[in-house]
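Student: Can you keep this structure in mind? I'll have questions shortly.
The values are calculated or read from the model by the stated rules, or taken from the named source; none is laboratory data. Since this is a predicted model, take the numbers as computed values, not measurements. Note that each Cβ is placed from the backbone with ideal geometry, even for glycine, and that neighbours are counted across all protein chains shown.
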């Protein structure tokens, strides 16, 4: 289990405070961003009526997530939030499957990544609610159905951030723990490659989709 305890950190002192950065997570995130930038470049280069492989994959993501976004929001609002939803899924999927490659780790195995994305989705959803309903209409929602329900409604909104973030983190970290334990038990013979595929591809894809859809639903709830 010592693999989970090996964390490459960088600490600096700033204004009397000790700031610590998880260098591994930062590097893995930069790798994911690089992969997505390269993919976007090749997917959009020489695009034509007869799509090449990268263009076909890109159109698959764009087409399907556009439909999902329009179903949750109206078409006008989908134009605003669709790029976020599509990019969020592709980023999370790449993060979740990155651990399949030797020597690389999933950025989502660090709670900071899913929690940061959860907080981002929280603020975007509530910004969309204020923009759509106006500040008074937005505040009024917290006093429904009875005025003294406001504290519970606030707690419920904050709980969404915890729920969406820890669900993703728990599944990715849990998968890593299971793989390490089984690897020690069977000496890296048969099961670990299968487990890498299962937790990396299947669970990673499902969790990326769930996180993305919950973010979309939270935005939808706030604007309707």
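Student: Among the numbered criteria (1) without any contact (Cβ under 8 Å) to a residue 40 or more places away in the chain; (2) surrounded by 15 or more Cβ atoms within 10 Å (Cβ to Cβ); (3) farther than 19 Å from residue 208 by Cβ, which single criterion is violated by residue 45?
Tutor: Looking at each condition in turn, residue 45 falls short on (2).
Student: Just one of 118, 99, 58 is touching a helix residue (DSSP H, G or I) at 6+ places or on another chain (Cβ under 7 Å), within 28 Å of residue 222 (Cα to Cα) and buried (at least 19 other Cβ atoms within 10 Å of the Cβ); which is it?
Tutor: On the way: 99 fails: within 28 Å of residue 222 (Cα to Cα); 58 fails: within 28 Å of residue 222 (Cα to Cα).
One residue alone meets the criteria, 118.
Student: Scan 40, 78 and give me the residue that is free of Cβ contacts under 8 Å to residues at least 60 places away in the same chain, closer than 25 Å to residue 122 by Cα, touching a helix residue (DSSP H, G or I) at 6+ places or on another chain (Cβ under 9 Å) and surrounded by 14 or more Cβ atoms within 10 Å (Cβ to Cβ).
Tutor: The match here is 78.
Student: Within the stretch 117-224, considering only helices (runs of 4 or more DSSP H) that don't extend past its boundaries, which have at least 2 residues that are at pLDDT below 80?
Tutor: Here the list reads 150-186, 191-197.
Student: With the condition being over 30 Å from residue 180 (Cα atoms), I'd like the helices (runs of 4 or more DSSP H) fully within the stretch 1-81 carrying at least 1 qualifying residues. Break it down into steps so the answer makes sense when it comes.
Tutor: Values: elements: 2-5, 23-44, 53-72.
Counting at least 1 such residues, we get 23-44, 53-72.
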